[in-house]
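Please read the structure below before turning to the comments.
Where a number appears in this text, it was derived from the coordinates with a stated rule and is not lab data. Model, not experiment: these values are computed from the prediction. Cβ placement follows ideal geometry from the backbone for every residue including glycine, while neighbour counts extend to all protein chains displayed.
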Amino acid sequence: MVVEEKLTETPRGGRGFLGFPINTDLDSLDAHIAVLGVPYGLPYTPDDLSNDQSRAPDLLREKAQDAGWSEPRTIKHFDWDLGGPILDNRDVRVVDCGNVTADFQNPREHYRRAEAAAKKIFQSGALLISIGGDHGIPIPIMRALPADESVTLIQIDAHMDWRDNVNGEKDGYSSPIRRASELPFVKDIFQIGLRGVGSGREEEMEAALNYGAHLISAYEMHEIGIEAVLKRIPDGGRFYITVDADGMDPTVMPAVNAPTPGGLTWLQIREFVHGIVKKGRVLGIDLVEISPSFEKGNITFVHAERLLCNFIGATVRADYFEDE
């Protein structure tokens with residue numbers, strides 16, 4: 001008898017994001033929106049194998065504002081960010097697919113399973129919301145994107161993430177945009193909120209410019225505004241969005257390893273989310289690099305929850321699921 005591989009498992013505590021039902025059987029997935037935890041990146045050093053960010057998917061489910069209420073208010077109550085309940089009283093099915101399983105004798109196996117899980121979700125027609133984990137985890141997710149049409153990649157981040165490798169590892173958290181640039185179906189790359197100093201050197205800057213990446217610093221973004229940034233992104237087509245928590249200003253998301261002043265404010269990221277879903281079809285979004293050890297009064301998790309709630313509600317109101 002062949003034992004079918006278990007790609008995902010129930011989150012710790014058994015609670016789906018916002019109380020949405022859990023379905024870890026990806027072959028029977030029947031959802032418009034699927035949430036997936038991807039806890040583990042590929043380490044640069046042995047002590048990075050299980051890093052602080054690996055706790056974030058479960059803690060977001062457990063510590064977000066909605067989890068503290070005795071009833072699922074976020075799903076059922078009026079949401080002032082959206083002008084009504086999150087799903088707008090429509091028949092939109094949201095499920096939590098749990099966390100991608102890991103093999104600690106072979107850390108790379110987690111990426112293989114993440115790619116396989118994401119591929120099943122995309123093939124089912126569901127929109128994918130991935131929760132990391134560090135910024136390496138979008139690499140297998142992006143490799144799983146449907147390759148039949150081009151995709152525009154949008155990154156919200158303080159850092160460029162164009163390193164080819166660190167300590168010989170090519171799929172770590174400093175390299176997701178470099179790896180995305182190698183995918184044949186990635187058409188354009190927009191990087192928004194860049195500032196401060198990260199792992200990128202002048203050679204990474206040159207690589208990004210030679211590729212043709214659209215680099216929008218945080219300071220340019222603040223000067224011209226989110227509406228002008230959105231106008232630079234072509235209408236139509238398909239999008240994938242990767243959000244590093246340090247792309248936000250530290251007053252919004254302090255629980256990051258590299259807090260850098262001058263990031264996106266809450267109003268700006270909300271405006272961006274509501275604007276981008278109207279420009280085409282967003283296939284997926286990930287939120288990564290939350291480091292719970294640096295959390296301040298649950299501020300990061302509350303903003304993370306609100307970010308994903310606004311994204312879900314915005315896609316519903318953009319009629320993503322009307323014909324499904």
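Structure values in brief
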{"read-out": "Gain upon complete extension [E9, L49; 0.36 nm per residue less C-alpha separation]", "value": "12.5 nm"}
{"read-out": "Length gained when the stretch D81-D25 is fully extended (0.36 nm per residue, less Cα-Cα span)", "value": "16.9 nm"}
{"read-out": "Alpha-carbon centroid distance for the pair region 223-246 / region 66-97, whole angstrom", "value": "25"}
{"read-out": "Contact order normalised by residue count of region 8-317, Cα under 8 Å, 6+ apart, percent", "value": "21"}
{"read-out": "Mean projected area in nm² (Cα convex hull; one quarter of hull surface) for the chain", "value": "16.4"}
{"read-out": "Stokes-Einstein D in µm²/s, Kirkwood radius over Cα pairs - region 239-288 at 10 °C with 1.306 mPa s viscosity", "value": "138"}
{"read-out": "Isotropically averaged projected area of region 165-324, using the convex hull of Cα atoms (one quarter of hull area), nm²", "value": "10.3"}
{"read-out": "Loop sites in region 194-276: trypsin sites (Lys or Arg not before Pro), DSSP, at most 16 other Cβ within 10 Å", "value": "R201"}
{"read-out": "All lysines inside 29 Å of K63 as judged from Cα atoms, apart from same-chain residues fewer than 8 positions distant", "value": "K6, K76, K119, K120, K296"}
{"read-out": "Highest to lowest packing among 239-246, 162-169, 117-124, scored as the average C-beta count within 10 Å", "value": "239-246, 117-124, 162-169"}
{"read-out": "Cα centroid separation - region 153-218 against region 248-268, whole Å", "value": "19"}
